[in-house]
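Below is one structure, written out as structure tokens; the observations come after it.
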Amino acid sequence: MLEVDPNPIAVPLDLADLLIDNLDDDINEKLLDVDSLFDYLELNDSLPHPWTFDDLPTAAEVPIANSIEQIQEPKAKGQSRRRKRPRDSQPQPCSDERPKAKRPKPSGQPKTKESQAEPAVEPGSHPASGPSPAKTLPMSTATPPRIFRVYPSQTSSAIPIQFITISDSAGNPVQLSPPPPLIRFPLPRSATTPTYILVPTVSPPSKCQLPPLSPVDGTVAPVQMSSSPLGSLSETASKAMSPPCTSPVSPGNEMSPCKESPLPQSPKVLDIPQNVKDYIQEAKAHMSQTYQDMEAGLSLSSHYVAVQVSQREVVRSGKNTNKCLDKELVIKGDTDRQKTMLALSQIFDGSNGEKSRHYILLLGNAGMGKTTLIKKLCIDWSRDCIPQFDFVFLLDGKKLSVTEPVYSLQTLLLNLSSSAPSCVDPEAVYAQILAAPKRVLIIFDGFDELRNYETLLQAQEKDLTASLQKDSKAKTFTVRQLYSAILQRVLLPGCTLLLSTRPRGTASQLLRRTDSLLEMCGFTPANVETYLSQYFSDPGLRESALECLKSMSYLNLLCWNPGLCRLVCLILEQSRSVDVLPRTLTGLCHQVLCLKMDKDGRSTPTHTEAQAQSIRDTETQISNTSQAKKCSKNNQGKSRTQARTSSRTQRAKKAQEQEAQVDKVDQDLRSSGGEAVTEDFDLLSQLSSLAWEGVKANSSIIPTGRDISGKVKAFGLRTGLFLSHQLRASPCLSNSTKEEGENETEAGETEQRTENSERTTNDLTDHQNDQILLWANPFLQSYIAGVHLALSRTLTDRSFLQTLPFQSGGKGRRRPQREELELTQRFAVGLLFHNRTELQRFHTHTETAFRDMVANKQGLVTKHLEGLSYTDLTPSQILEACHYVYEASFTHSDGGREAGRTRLVTHLAANLPEFLTFHGVQLSPPDVFTVQKALEQGGTEGRRFCLDLEDSGIQICGLRALVGLNNINTYRSCIADAITLWELLEQSDEESLLQRAVSKFTIHPLKAKQVCHIEHLEKLVNIHIHKRLSDSSSESHSILSEGVPAVKELHKLEFELGPDNGPLVLPKLWDLLPGLHNLQHLDLENSKIGDKGAEKLASALVSLPSLEILNLSQNCIGDEGVKKLAATLKDLPNLHCLSVYSNMISDEGAESLAAVLPHMASLTDLDVKFNKLTDVGAQSLGASLRNCTKVKTLRMWNQCIPFGVLERLIQQDSRILLH
């Protein structure tokens, strides 16, 4: 029997027992129109139940409540309007559903046509018991609406279903109150009564989805009526988690118990409620104020330098892309990178007409400005420069330290987001977020490495859903659960995500999800000058700083990193001479730390006076010691004979006395400084230990469980080494809480205020523990950690050796190290060879103990680096070794340690591989400088090198510096970068350097993995043919009179673009192949060239007389293509290996090959396996093979050749192989 369910939320079940089998064939998008739907239902007699239709009167003629019409008698047979509806001729989409057996059509059921409207059935009651009053629909239409009636049985009453046509105009929203009831149909042999909701497969397009509004005052309905409940999953997950429930009554619209809440319709695009608009404006004002400061003393409005980001590409690794799921980043050359630069406003836009980007990954090393760029994005949004988003929420990795499961999605966005202000009406704001997720931008910042994201992506969606479902009753989750759900698109799947991180580590999970990959490009020389001009307001100081910076090459190149550029400006602000400027990264961070400590010391007068008194006492002690030494020396000179006989004994005694005296002076120095000096040593000792623990844990957050003294915290905050961060924002106030407080009596209000006061006190107590400390600068954290490794007395020699890079063992060499650890190791090596006088304030040792400890660790480092086998190191490890040696060598001169530094440089230059490759390692400007210094030292030792700089992203200026070295035999680089360098040298009339750059360039062997590789090769071949660098030049260049040596020396070309990208550039390949006269090996496997491509290739092969190996496997070549190739192959005198494995060659093509096989005098190997030739083609090839004495192997097995035939051919000629 028929039931009417008052519950507006129902779980859809299978319609197999209700709908006809071929409903998909009969229903199409035209039935979304109401008239078409009625015509369909009237004319189609294949439906399982009879349907009748009535016209409703206009709004003024709506039937009165409690009135009911009796069902008329069915029409006569001859008067039936139902007839078979003709099939629609348009094609239908394929369906994977199993065919169902057709049911017999029901007969004998009544048909009626009413002239008046039928009332709605009373919710929750049987139709036979009488209907309930129906409320008038607030509509006025020119054409009366129509009634669709359902007869569940032959004897029961009809159930009217009213269809309402909603106008396309945005100004006429339709609201139903009460909503239409849901209808339950009984199924045979069914114990329960299922509920069905019929909805169109494609929702009508809308600009923005909003929750339903109250019919009375237009307020936003509670979130339970929107797509997801508070703090739960997205729409998909919440269907499985949330039990059916009725929508609550709107606060401003009290409804009687017999009336139902409105069923959510598909609303048109409506304006955002005013209270939500007010919150958005508050959020923009809050964001504009919060993110205005870049760091202490610098603001975005006055010091921000507009940097661009480059669009990175991802390719599948491996030749067979269909079987490989791993993806790897493509390192573009400098020329190609300039073409993919994006401004800040283009980050969210699709390129080349593509759809907008919704999952964006921003890469950048430490200090490259990722956080600054995100702040600039937030400021731009607050100024309405990013209009595609109504909400922007900034989340960071520091929130993961909150492990309590007390958050929902609403509280995560509105409380934990650092960009969200206090919210007065969180329910309305959250409802708007759920209604229009495409207007929401969520930014994840503060994750140091990709592996931190991947730990959040390891849980599968079903596991994550089950985990959240387990806690769905409380609707509270951990921050990690919510982060993971957002990143995996379980929560708010329609929002836009922007993730920032460092590029180290594997990124397979993230790369599979992101649709846009961006990278910070750093400062250009023009950006550096702009930054300095904004930093130094005094024109004289600005000019002096620019001159000093240009005179220091390495320091200038360090400014490529915006974070290091800030540190350089701190040094330039205090230095007045070039001589005192640092020459290494260790020296830079050392001077910055000393400046911070000195500034903090000057702020404490008692500390300064104690230091001054300590210095005066120290000078007095040293003077007295010198006088004592002179008197002793004069007395000893009176007896020279006695001194000669016991010279060794006297020297030993003298050395002991000097060391004892120095130790005494050193102890007096520390005791004379008082508590202030000791306090500095203790602070630095604790800071260095904290920094090393953070580096090991790959975290900038100082552990909350660590017992840290208040002096260390205060010192770190005063000097700017620490930053304080609040994890939780102030809690939001809900509408219900606010209204309850307003409606309470005076006594109730007093009680409520008392509870709120207690709650506020508890919240304040909790928030005191929500403050965390973190390191403000990653370079200073790594430097202070290096101080712990180099100068700590608690670190044993064995532990120190374990911290050194390039530990023995295959796995250790292959595993990439984190950036923070590499920096710490580099700083530790640099500190050991630094000037000891400048390190006195960083240790509490006596002078003798400190000297012995440093000498011992220097010996350990030297022995470790000299014991490396550089031929076994990866390119990235060789680069790090160059950095270590540079940091140890280019510091201030300090006596006997100069010999140790020279020894390291000499050993590195003597042991670098002759073929030095940095393939796949991104080379920054400082990296190129350190490699240049190592190669220059090798030149003094008489060594020469061949450089491979391909896929290194080296800038043109760095390429010029390395190519200009006299001890470089050959070099490889991006072809476009080499051509750009040649053009720049030609423009600057540097003929000598241009000659070397052209003659030393090589591209053999060439493996084309990207589309741009073929495009660049085509340009290089054109230069080779026309003998000029640019098309604008009418005359050939004298240097290119004999062409480009790299083109003439190219002997092997592997085309590895795969079946997707390969066909895109095949026309360019056919055009450039005739210019490669000396090509010996051509590999076109799995490129889908087809018969047309084979014909083009046949024309190009005429110009390749030196070709020896041709691989055409897996290319969809048929008989026609083989015929074209066969005519050319016989004219290749040096071809000895031909593979047409896994193509579409049948007997006709095999006969073409058999005909030319005896004429291929040099052919030794032929592979025709896995084609379509049968025993006829196999016998033709076997017969032709008897006339080919030089052929060694013929592979031609496939399933079409009978095994007996193939076995007989093998017996006749042993050169025929199965595999």
Which of Leu1053, Ala1127, His1024 sits closest to the plus end of the dipole of the range 1013-1147, meaning its Cα is farthest towards the positive end, when Lys and Arg get +1 and Asp and Glu get -1 on the C-beta?
His1024
Work out the length of the dipole vector of the range 1087-1219 about its Cα centre, built from +1 on the beta-carbon of each Lys and Arg and -1 on the beta-carbon of each Asp and Glu, and round it to the nearest 20 debye.
220
For the range 1083-1134, the dipole about the Cα centre with charges only on Cβ (Lys and Arg +1, Asp and Glu -1), to the nearest 20 debye, works out at 140
Ignoring ligands and nucleic acids, what accessible area does Arg960 show with a 1.4 Å probe (Å², nearest 10)?
100
Tell me, what ³J(HN,Hα) does each residue in the range 1073-1080 have, in order and in whole Hz, if you take phi through Karplus 6.51 cos²θ - 1.76 cosθ + 1.60 with θ = phi - 60° and put x for Gly and Pro?
4, x, x, 9, 5, 9, 5, 10
Probe 1.4 Å, heavy atoms of protein chains only: per residue, the accessible area of the range 1020-1133 in Å² is 42
Rounded, prolate or oblate (a/c below 1.5 giving rounded, otherwise prolate when a/b exceeds b/c) for the range 374-427 by Cα gyration tensor
oblate
Using only alpha-carbon positions, what ratio does the radius of gyration of the range 972-1122 give when scaled by 2.2 N^0.38 Å?
1.10
Cα-based shape type of the range 862-971, given that a ≥ b ≥ c are square roots of the gyration tensor eigenvalues and the cut on a/c is 1.5
prolate
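The values are calculated or read from the model by the stated rules, or taken from the named source; none is laboratory data. Just so we're clear, the structure is a prediction, and the values are computed from it rather than from any experiment. Positions of Cβ are backbone-derived with ideal geometry, glycine not excepted, and every protein chain shown enters the neighbour counts. The area values use the complete protein model at the heavy-atom level, side chains included, leaving out ligands, DNA and RNA. Shrake-Rupley method; radii C 1.70, N 1.55, O 1.52, S 1.80 Å.
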